[in-house]
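The numbers here are math on the coordinates, done by the rules we state, and not lab data. For clarity, every value in this text was computed on a predicted model and none was experimentally measured. Neighbour counts run over all protein chains shown; Cβ positions are idealised from the backbone, glycine included.
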Amino acid sequence: MLKGLAAHDMLGIAADADAVSIKKAFRRLAMQWHPDRNAAPEALETFKRLRAAYVHMMGLHDGDRDDDEFEPDAEAPPSGHAQSRAADHFQDLELSLEEVFHGGEKSVWIESQDSCEACDGCGTIELAHGRLCTSCHGSGRIRSGSGLAACTDCDGRGYSKRAICGECDGSGKVGGRRTLSVRIPRGMLPGEELRLEGEGEPSSDAAMLPGDLRLRIRIAPHPLFALEGRDLLLRRPVSAFRMLAGGKLEVPLPGGRLQIDIAPGTAVAREIRLEGAGVPARGKRQAGALRITLEPQFPDEPSPELCALFRRLAEEVEHDLARNVPSLDAWQRKWLP
Ligand SMILES: [Zn+2]
Ligand SMILES: [Zn+2]
């Protein structure tokens with residue numbers, strides 16, 4: 001595919017290089033080999049292969065892929081049939097838990113690199129009058145190794161009718177921000193990626209498709225809920241007497257609420273697990289569980305009325321201790337005969 005060279009060798013980086021290094025290496029080589037900048041006959045072919053290597057490496061780097069939502073990665077065009085694409089644009093996207101549960105439309109700021117309008121994206125502008133070449137100071141020659149070579153910026157003429165574009169400093173691109181309305185599917189988790197076709201880096205020539213916009217999902221911390229995989233964890237303080245008696249209990253959910261039934265039991269912390277009530281299913285991944293930790297709460301300063309009730313309750317329990325609290329009954333028989 002890359003004519004004998006591995007993608008990372010093409011880019012001169014380690015096989016396990018991170019995204020930043022891959023991008024950096026590609027930018028440097030692209031500056032060197034872009035056919036607009038390099039007149040060598042092999043420049044276009046080399047540039048295409050570098051871009052293919054870059055796309056390939058970024059694809060490998062993209063670890064946790066969701067096969068359901070994403071198209072296959074734009075692999076390096078093996079025989080020139082596939083249309084080439086500009087680079088993908090990567091950006092983080094923070095979602096609230098409510099958005100994870102319900103999805104919806106979200107307005108997202110995209111850091112964009114638009115083609116410079118002043119120079120039409122080529123990085124240089126045509127001057128009305130030729131001016132002294134700044135690279136060779138008009139001599140038409142520059143120092144090269146042991147001798148002098150023709151200046152490539154002015155083709156050895158010493159003057160040039162083109163100058164670096166002041167708007168973009170010659171990069172052909174200007175930074176900016178734009179908003180984009182993004183449809184958020186339900187059930188996205190941290191580290192997953194939302195891919196928007198054609199919303200990435202703009203292409204610099206008509207033959208090239210724009211890159212994709214790839215939004216890496218982060219989840220904003222929530223004061224009430226925590227995530228563990230697709231499980232949603234919630235601590236729910238509850239009256240110790242409700243835990244003893246059992247009954248209905250309301251629990252909050254991101255953007256909603258739910259009524260559950262708790263069985264009579266002991267007034268010690270316990271977990272209730274509701275399968276399917278956690279992070280919604282997405283693709284092949286099933287919905288997680290809602291795990292509620294019930295935390296018994298006793299009255300801080302019981303009123304005289306409550307104290308009277310407690311006394312009645314205590315007498316009722318002690319009336320038949322062997323049946324109601326056998327462990328206590330056994331202890332008393334042993335140590336207080
Ligand atoms: Zn420009
Ligand atoms: Zn020159």
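Residues considered: H34, H129, H102. Largest GNM mean-square fluctuation over the chain, using C-alpha springs under 10 Å, is found at H129.
Test of understanding: in a Gaussian network model of the chain with alpha carbons linked when under 10 Å, which of P280, P299, P210 would top the mean-square fluctuation ranking? Among P280, P299, P210, the largest GNM mean-square fluctuation belongs to P299.
When exposed loop sites are taken as trypsin sites (Lys or Arg not before Pro) in a DSSP loop with at most 12 other Cβ atoms within 10 Å, the longest stretch of the chain clear of them is 4-283. Based on C-alpha pairs under 8 angstrom that are at least 6 apart in sequence, the chain has a relative contact order of 15 percent. Counted residue by residue at 0.36 nm each, then reduced by the alpha carbon distance between them, the extension gain from L313 to R141 reaches 51.6 nm. Annotation: the residues F298, F26, sorted from fewest to most other C-beta atoms within 10 Å of their own C-beta, follow the order F298, F26. Among the cysteines of the chain, those whose beta-carbon sits 4.7 Å or more from every other cysteine beta-carbon are C122, C307.
With +1 assigned to the C-beta of every Lys and Arg and -1 to the C-beta of every Asp and Glu, and no other charges, what is the dipole magnitude of segment 191-254 about the Cα centre in debye, to the nearest 20?
Details: 9 positive and 10 negative charges, 160 e Å.
So the magnitude is around 780 debye.
Hey, got the dipole for the chain? About the Cα centre, +1 on K and R Cβ, -1 on D and E Cβ, debye to the nearest 20?
Values: 44 positive and 52 negative charges, 131 e Å.
With Lys and Arg at +1 and Asp and Glu at -1, about 640 debye.
Taking G12, G123, G187 in turn, the Gaussian network model of the chain (Cα-Cα springs below 10 Å) assigns the largest fluctuation to G12.
Go through K23/K173; K23/K284; K24/K284; K23/K106 and tell me which ones have a Cα-Cα distance over 24 Å in this structure. With Cα atoms farther than 24 Å apart: K23/K284; K24/K284; K23/K106. Arranged from fewest to most other beta-carbon atoms within 10 Å of their beta carbon, M208, M31, M58 become M31, M208, M58. Against the chain, whose longest principal axis is taken from its Cα atoms, helix 19-33 shows a tilt of about 10°.
Only bridges with both residues in segment 230-298 count here: give the DSSP antiparallel percent, nearest 5.
Numbers: 13 of 21 bridges.
Of the beta bridges lying entirely in segment 230-298, close to 60 percent run antiparallel.
Loop-resident GluC sites (Glu not before Pro) (DSSP state other than H, G, I, E or B) in segment 174-277 with no more than 16 further Cβ atoms inside 10 Å of their Cβ: E197, E275.
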